[in-house]
Amino acid sequence: MVGWLLDLAAWQQALVGTLFTWGMTALGAALVFFFKNINRNVLNLMLGFASGVMIAASFWSLLDPAIEAAEENGSIPWLVVSLGFGLGGLFLYIADKTIPHMHFGPNKEKEGLPSHLKRTILLVFSITLHNIPEGLAVGVAFGAASEAANPTAAVLAAISVSLGIGIQNFPEGAAVSIPLRQEGLSRTKSFLYGQASGLVEPIAAVVGAILVTSVKPLLPYALSFAAGAMIYVVVEELIPEAQATTDSKHHFGVFGAMTGFIIMMILDVALG
């Protein structure tokens, strides 16, 4: 598997990696054929798990390699990484305020520019926004592997990013399709919309891989940009939604975050 990936171009590796993450989204979305409702504690656990994976991936898979890449380029590491990280958060902030979408929390708060789109489409757009930085993270990880001194180890590290994001995409797919079913959509439509939310990942991954391999000095900026975008999603949306419960059982989101962080950390350290 690794040998086969090494023979591919970086953008092709990124495409393969995110086809896996999209497949995991589709697999999770398929749970709508078996369940119509999702327990709020289970949803909080899923959202927390996604948060933990993204936090761990942001450091071990993105920020740490970004610091090393900046040092190799002769740049000031803290300046480069801080700039990229901040721009990633700013990008998601602008997208959050312009792209119409609706949160999955109890209040189903609308954000973005005013729109007459259906509630179901707004819900799909919400997760689609989450998936942009996830796809970008996979793309720049494989792009970085093509420039690494040890390509095999770097590709393994990029694979760990794909695995981690794919694992958290499974519950995320269910967290999209099942609420859509509750909104009144058929099981088939709920599944189709749920899996479609993950299609942006291959696009973002290919764009990210092409950028960092075409303009090599961009690598540390792109890595930290993806990290900033992911942390923005975690802090602005996932964690608040995981804590948005009417009872005192906030710990389900916390347990999910801890578990996701540990799993992603193990993947990164073991494979990277």
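Under the combined filter of DSSP loop state and at most 15 neighbouring Cβ atoms within 10 Å, the range 129-199 retains these GluC sites (Glu not before Pro): GLU147, GLU183.
Per-residue ellipticity at 222 nm, computed for the chain from helices alone with -39500 (n - 2.57) per DSSP H run of at least four residues, works out to -24500 deg cm²/dmol. With the cut-off at 30 Å, tell me which of the pairs LYS189/LYS216; LYS110/LYS216; LYS110/LYS189 have Cα atoms farther apart than that. Checking Cα-Cα distances, LYS189/LYS216; LYS110/LYS216 exceed 30 Å. Using a probe of 1.4 angstrom and keeping all protein chains present, the accessible surface of the range 60-155 works out to 47 square angstrom per residue.
What angle, in degrees between 0 and 90 and rounded to the nearest 10, separates the Cα long axis of helix 251-271 from the longest principal axis of the Cα atoms of the chain? For 251-271 against the chain, the angle is about 30 degrees.
Which residues does the label zone of SER214 cover in the range 1-41, counting backbone N under 17 Å from a point 7 Å along Cα→Cβ? Label zone hits: 9-15. Here the alpha carbons of the range 1-153 define both size measures, Rg and Dmax, at 18.4, 55 Å. The slack in the chain from ASP7 to ARG40, taken as 0.36 nm per residue of separation less the alpha-carbon distance, amounts to 7.4 nm.
In terms of Cα atoms, the Rg and Dmax of the chain work out to 17.9, 56 Å. What does the C-alpha gyration tensor say about the overall shape of the range 1-58? Classify as rounded when a/c is under 1.5, otherwise prolate if a/b is larger than b/c, or oblate. Note, shape of the range 1-58 comes out oblate. When +1 charges are put on Lys and Arg Cβ atoms and -1 charges on Asp and Glu Cβ atoms, the dipole computed for the chain relative to its Cα centre reaches about 1100 debye. On the basis of the beta-carbon distance and an R0 of 41 Å, SER186 and ILE262 show a calculated FRET efficiency of 0.65. Can you compute log10 of I(q)/I(0) for the range 90-182 with the Debye formula, treating each Cα as one identical point scatterer, at q = 0.14, 0.21 Å⁻¹? Debye curve over Cα of the range 90-182, log10 I(q)/I(0) at q = 0.14, 0.21 Å⁻¹: -0.63, -1.00. Apolar share of the accessible surface for the chain: 70 percent from carbon plus sulfur atoms, 1.4 Å probe. Since only LEU136, LEU238, LEU122 are under comparison, the one whose Cα sits farthest along the positive direction of the charge dipole of the chain, derived from C-beta charges on Lys, Arg, Asp and Glu, is LEU122. Compute the Cα gyration tensor for the range 173-237, then decide on rounded, prolate or oblate, letting a ≥ b ≥ c be the square roots of its eigenvalues: rounded whenever a/c is under 1.5, prolate when a/b is larger than b/c in the other cases, and oblate in all that remain. Oblate, because a/c is 1.5 or more while a/b does not exceed b/c.
Given their separation in residues at 0.36 nm each and the Cα-Cα distance between them, LEU27 and ARG119 gain 30.8 nm when the chain is fully extended. Cα axis of helix 219-233 to longest principal axis of the chain: angle in degrees, 0 to 90, nearest 10? Once rounded, one gets 20 degrees.
The values are calculated or read from the model by the stated rules, or taken from the named source; none is laboratory data. This is a predicted model, so every value here is computed, not measured. A quick note on method: Cβ atoms are made from the backbone with ideal geometry, for glycine too, and the neighbour counts reach across all protein chains shown. Side chains included, ligands, DNA and RNA excluded: accessible areas come from the protein's heavy atoms. Shrake-Rupley method; radii C 1.70, N 1.55, O 1.52, S 1.80 Å.
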